[in-house]
Amino acid sequence: MEWMDRSTCNFAAIGCITSELDKAGFVRLDPTAEWKLEEGGKYYMVKNDSAVFAVVPGSAPVSEAGFRIISSHSDSPGFKIKPNAEIYGEGGVVSLNVEKYGGGILYTWFDRPLSISGRVMTAGEDPLHPVTHIIDLKRAVCTIPHLAIHFNREVNEGNKLSVQKDMKPVMGYFSEERIAEFKKHGGVVKTLVAEELGIAPEDIIDYELCLYPLQKAVLTGVNEEYIQSGRLDDLSMAYASLEALLSASDKEERPASTMVMAVFDNEETGSGTKQGAASAVFRDFLERITLLKDSSKEGFYRAVASSFMISADDAHAWHPNYNEKFDPTNHPVIGGGPAVKINANCKYMTDADGAAVFRALCSKAGVKCQYFVNHSDVAGGSTLGNILTSQLDLRGVDMGCPIWAMHSACETAGVEDHLATVRVFEEFWS
């Protein structure tokens, strides 16, 4: 929960993960430098500040024992702040021009205290190498106010929303003199961010900033059996893999297979970026690791052929108010354990082989296992597994913890499901 509170955007999440890897003795690899792997070492590489790939070489040659991979993603649906974002209105009110990122449930963002986090770029030694600053304001600086029911009596009967019109956050109201000062220095956003960083607004070349709800993760339910937080999809799976990796890598005796944790970015928008699962970044990473441990190109193909991947992305939990939306015999419940995700039209990578492996891991770890299959009249989404298999010839399974309100500003998961998933991941890496 503390990790979730720190991970207010994809950049912050990767920063949180890498700080834990650093504390655990992992060495950061620079993709532009020559790599050297020491016996007994453990390593990670960051891509574009928003994806991370960690590796713990196994006791056997990777060409023989292959990789055991757990993949997840760092991004979540929300709102990104556009350049030149300020909209100046009546009475000195300043709103923000934002763009929807991913497929979020828009109305869950109304009337919440919102803050801003992301990354800011300032000048470096030359134009091709700007300096990155990860930032989190950590205080409520705006809100998206809903229209009162008195102006829309049918609001509870269906309310179609426009991102451009209805979802503009309000930052406050200011005097004419203050607004003139903001405009002189590039706007309210740049001024706020510059103050936080201790620089001049004019020093900011560009930014990638998003909104996030200020509410912290909480335990709820009579027995505190639920976790409620923003961004559970998919940071809960990223952190389950991190917990398992830290535990597995700390053991004196390493397994034969090489352990790999992959946290990609931009899954919510199709993974088609240089830090996404549809790019060559992960294949290149695995190939470089293999070539350092096995000098032949053939060794990489043998390693992949011997590998297995768990694609970890949260699943939809059965909802007591909407029983008709779920498959009658394959609907996971919160508290029932992690769920294998299956789709006849190959939206997931799961097949009988992959499902059998995961169920056997659950059994060995003493963990309950469920299935998620869509209602036959409802189209489902896809995730990392089948995207990665377009890059790598991998065996694997798609799975995830069942959660409520996926893509809401605040989602709900089960405490026991998270702990069970960590145990299965530890078993996978044992």
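The values are calculated or read from the model by the stated rules, or taken from the named source; none is laboratory data. Note that this is a predicted model, so its numbers are computed, not measured. No Cβ is skipped: glycine too gets one built from the backbone with ideal geometry, and neighbour counts run over all protein chains shown. When the accessible area is computed, the model is the full protein with side chains, heavy atoms only, and any ligands, DNA or RNA have been set aside. Shrake-Rupley method; radii C 1.70, N 1.55, O 1.52, S 1.80 Å.
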Regarding TYR239, is this residue among the hydroxyl-bearing types (Ser, Thr, Tyr), surrounded by 20 or more Cβ atoms within 10 Å (Cβ to Cβ) and within 30 Å of MET171 (Cβ to Cβ)? no
Only one residue in SER72, SER63, SER59 is under 22 Å from LEU292 (Cα atoms) and touching an Asp or Glu at 6+ places or on another chain (Cβ under 6 Å), so which one is that? SER63
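Could you tell me which of the residues LYS251, LYS160, LYS274 is open to solvent by 50 Å² or more (accessible area, probe 1.4 Å) and over 30 Å from GLY385 (Cα atoms)? Break it down stepwise before answering.
Values: LYS251 fails: over 30 Å from GLY385 (Cα atoms); LYS274 fails: over 30 Å from GLY385 (Cα atoms).
Only one candidate passes the filter, namely LYS160.
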Number of the exception - ASN345 against (1) crowded, with 18+ Cβ neighbours inside 10 Å; (2) free of Cβ contacts under 8 Å to residues at least 12 places away in the same chain; (3) not aromatic (Phe, Trp, Tyr): (1)
Note down all Cβ pairs under 8 Å where the first residue falls in the stretch 265-285 and is under 14 Å from ASP313 (Cα atoms), the second is among the aromatic types (Phe, Trp, Tyr) and open to solvent by less than 50 Å² (accessible area, probe 1.4 Å), and they're at least six residues apart or on different chains. GLU268/TYR101; SER271/PHE264; ALA277/PHE264
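Quick check on ILE87: is it surrounded by 19 or more Cβ atoms within 10 Å (Cβ to Cβ), in contact with a Ser or Thr (Cβ under 6 Å, 6 or more places away or on another chain), part of a strand (DSSP E or B) and β-branched (Val, Ile, Thr)? I'd like the intermediate steps shown before the answer.
Values: surrounded by 19 or more Cβ atoms within 10 Å (Cβ to Cβ): no; in contact with a Ser or Thr (Cβ under 6 Å, 6 or more places away or on another chain): yes; part of a strand (DSSP E or B): yes; β-branched (Val, Ile, Thr): yes.
Taking the combined requirement at face value, the residue does not satisfy it.
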In the stretch 277-311, how many are exposed (fewer than 15 other Cβ atoms within 10 Å of the Cβ) and among the basic types (Lys, Arg)? 2
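GLU196: touching a Leu at 6+ places or on another chain (Cβ under 7 Å) and part of a helix (DSSP H, G or I), yes or no? I'd like the intermediate steps shown before the answer.
Values: touching a Leu at 6+ places or on another chain (Cβ under 7 Å): yes; part of a helix (DSSP H, G or I): yes.
The answer is yes for GLU196.
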Regarding HIS146, is this residue part of a loop (DSSP other than H, G, I, E, B), open to solvent by 40 Å² or more (accessible area, probe 1.4 Å) and either modelled with pLDDT of 95 or more or touching a Phe, Trp or Tyr at 6+ places or on another chain (Cβ under 7 Å) (or both)? yes
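Matching residues to (1) touching a Lys or Arg at 6+ places or on another chain (Cβ under 8 Å); (2) under 20 Å from TYR371 (Cα atoms); (3) part of a helix (DSSP H, G or I); (4) free of Cβ contacts under 8 Å to residues at least 60 places away in the same chain:
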{"residue": "GLY299", "(1), (2), (3), (4)": "yes, no, yes, no"}
{"residue": "VAL304", "(1), (2), (3), (4)": "no, no, yes, no"}
{"residue": "SER311", "(1), (2), (3), (4)": "no, yes, no, no"}
{"residue": "HIS319", "(1), (2), (3), (4)": "yes, yes, no, no"}
{"residue": "PRO328", "(1), (2), (3), (4)": "no, yes, no, yes"}
{"residue": "HIS331", "(1), (2), (3), (4)": "no, yes, no, yes"}
{"residue": "GLY337", "(1), (2), (3), (4)": "yes, yes, no, no"}
{"residue": "VAL340", "(1), (2), (3), (4)": "yes, yes, no, yes"}
The helices (runs of 4 or more DSSP H) lying wholly within the stretch 348-430 that contain at least 3 residues that are open to solvent by 40 Å² or more (accessible area, probe 1.4 Å) are 352-365, 415-428
Among the residues of the stretch 20-44, the number that are under 12 Å from LEU246 (Cβ atoms) and out of contact with any strand residue (DSSP E or B) (no Cβ under 9 Å at 6 or more places or on another chain) is 4
Would you check if there is a residue in the stretch 141-149 being closer than 29 Å to GLU176 by Cα, in contact with an Asp or Glu (Cβ under 6 Å, 6 or more places away or on another chain) and not aromatic (Phe, Trp, Tyr)? yes
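Going residue by residue through the stretch 212-226, is there one that turns out to be more than 30 Å from VAL415 (Cα to Cα) and either among the aliphatic types (A, V, I, L, M) or open to solvent by 80 Å² or more (accessible area, probe 1.4 Å) (or both)? Show your work before the answer.
Residues of the stretch 212-226 that are more than 30 Å from VAL415 (Cα to Cα), as a first pass: none.
No, the conditions are met nowhere in the stretch 212-226.
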Can you tell me which residue within the stretch 372-393, out of those that are within 13 Å of HIS331 (Cβ to Cβ) and among the hydrophobic types (A, V, I, L, M, F, W, C), is nearest to the chain's Cα centre (by Cα)? PHE372
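Step by step: first the residues of the stretch 48-84, then only those that are in a helix (DSSP H, G or I) and open to solvent by 10 Å² or more (accessible area, probe 1.4 Å), then the one that is farthest from GLU426 (Cα to Cα). Which residue is that? Break it down stepwise before answering.
Residues of the stretch 48-84 in a helix (DSSP H, G or I): 62-65.
Next, from what is left, pick out any that are open to solvent by 10 Å² or more (accessible area, probe 1.4 Å): 64-65.
Details: GLU64: 21, ALA65: 17 Å.
Checked the stretch 48-84; the qualifying residue farthest from GLU426 (Cα to Cα) is GLU64.
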Which of the residues spanning the stretch 196-211 are open to solvent by 40 Å² or more (accessible area, probe 1.4 Å) and touching a Phe, Trp or Tyr at 6+ places or on another chain (Cβ under 8 Å)? GLU208
